[in-house]
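For reference, the structure is listed below as structure tokens.
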Amino acid sequence: MIAYILRRLAYAIPILLGVNILTFVLFFMVNSPDQMAQAQLGVKHISPEAVAHWKEQHGYNKPLFVNNRPDNKGKFTDTIFFEKSLRLFAFDFGKSDEGRSITQDIKERMWPSLAVQIPVFLIGLTVNIFMALIIVMFRASIFELSALILCVAMFSISGVFYIIGGQFLFGKLWNLVPISGYLHGMDALAFLILPVIVGVISGIGGGTRLYRMIFMDEIHKDYIRTARAKGVSEFGILYKHLLPNALIPILTGVVVVIPSLFMGSLLMESFFGIPGLGSFTIDGIQAQDFSIVRSMVFLGSVLYIIGLILTDISYTLVDPRVRLS
């Protein structure tokens, strides 16, 4: 097990390096350092001296990949790529173009993201599994057909519709909760209710269809037929036999999502004014702040790889027949 984890971590290094290089190249294909300086200075007629001063202050006055200095020192280290991207492997996120510590911003903003995403994840998982079991219980009936049509319709609707609809219905029309905003501590509960409700409802269509498909694959297996032949009730079959065995594929899909909870939701946090990592990423893209964008892309890649490793480990825990070597 330990050898497998170390090997997967070693495989992650070239993957993260490739993500770093791709993000770096794509960003500087869209924005040159001069364009970044003009966007940050926000002045129509900017002098070349002001642009050069901004680039020097923020470390963008160096070559991108190779520095052909006469003394041949720092050929690859005295470059924008080395100083801005390769330092991420030491989790040195540096500072944003505004001079703020990105590491500190991540530490502060991860908590609002978790405050939204953890309830959405736990409640949504419970609701989706419960609804999928009900559909399987009434399989081959008009109820199942109607439920599947409703799930497809809900899955096909954009998440923006749920957000705007929830804000209008619960916030403006019924005036039950605030439409947007965030406060720290216990005061945040009033601002979290609506995002959590919207997050759960928007995920019902896709989640219920997925778990229903997993349960339908299990319902025709021999151990289910044996339990039914012994006179076990349909309720007992679903909750005592089918559900525990179906948790194996469910767990593999759930564990990979857990690390990404730290990243928050881009749309959710932007529309509801929640100062999480999702809105932090959007703000960085809008401000054309490469330091924030590269940091969040790198962090997202690391969390995704951790999720894949945790998925493999969890699979061995729930199914002893599987061994990682």
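Scanning the range 259-299 for residues that are part of a loop (DSSP other than H, G, I, E, B), surrounded by fewer than 24 Cβ atoms within 10 Å (Cβ to Cβ) and within 12 Å of the chain's Cα centre (by Cα) yields a total of 0.
Of all the helices (runs of 4 or more DSSP H) wholly in the range 1-116, which have at least 1 residues that are in contact with a Phe, Trp or Tyr (Cβ under 8 Å, 6 or more places away or on another chain) and of a type in the set (G, A, S)? Break it down stepwise before answering.
Values: elements: 2-30, 33-41, 48-58, 80-84.
Answer list for the range 1-116: 33-41.
Residue by residue through the range 102-116, note down the ones that are touching a helix residue (DSSP H, G or I) at 6+ places or on another chain (Cβ under 9 Å) and among the polar types (S, T, N, Q). T103, S113, listed by residue number.
Just give me the residues in the range 163-185 being under 24 Å from the mean Cα position of the chain (by Cα), of a type in the set (V, I, T) and outside any helix (DSSP H, G or I), in sequence order. Working first, answer last.
So in the range 163-185, the residues under 24 Å from the mean Cα position of the chain (by Cα) come out as 163-167, 179-185.
From the residues that got through so far, the ones that are of a type in the set (V, I, T) too are 163-164, 179.
Of everything in the range 163-185, just one residue is under 24 Å from the mean Cα position of the chain (by Cα), of a type in the set (V, I, T) and outside any helix (DSSP H, G or I), namely I179.
Among the residues of the range 225-252, those identified as in contact (Cβ under 8 Å) with a residue 24 or more places away in the chain and either open to solvent by 40 Å² or more (accessible area, probe 1.4 Å) or acidic (D, E) (or both) are E234, F235, Y239, N245, L247, P249, L251. Any residue at all in the range 264-272 that's over 28 Å from Y304 (Cβ atoms) and free of Cβ contacts under 8 Å to residues at least 24 places away in the same chain? Taking every residue of the range 264-272 in turn, none turns out to be over 28 Å from Y304 (Cβ atoms) and free of Cβ contacts under 8 Å to residues at least 24 places away in the same chain.
The values are calculated or read from the model by the stated rules, or taken from the named source; none is laboratory data. This is a predicted model, so every value here is computed, not measured. Cβ sites come from the backbone with ideal geometry, for glycine too, and all protein chains shown count toward neighbours. Accessible surface is based on the protein model in full, side chains and every heavy atom, while ligands, DNA and RNA are left aside. Shrake-Rupley method; radii C 1.70, N 1.55, O 1.52, S 1.80 Å.
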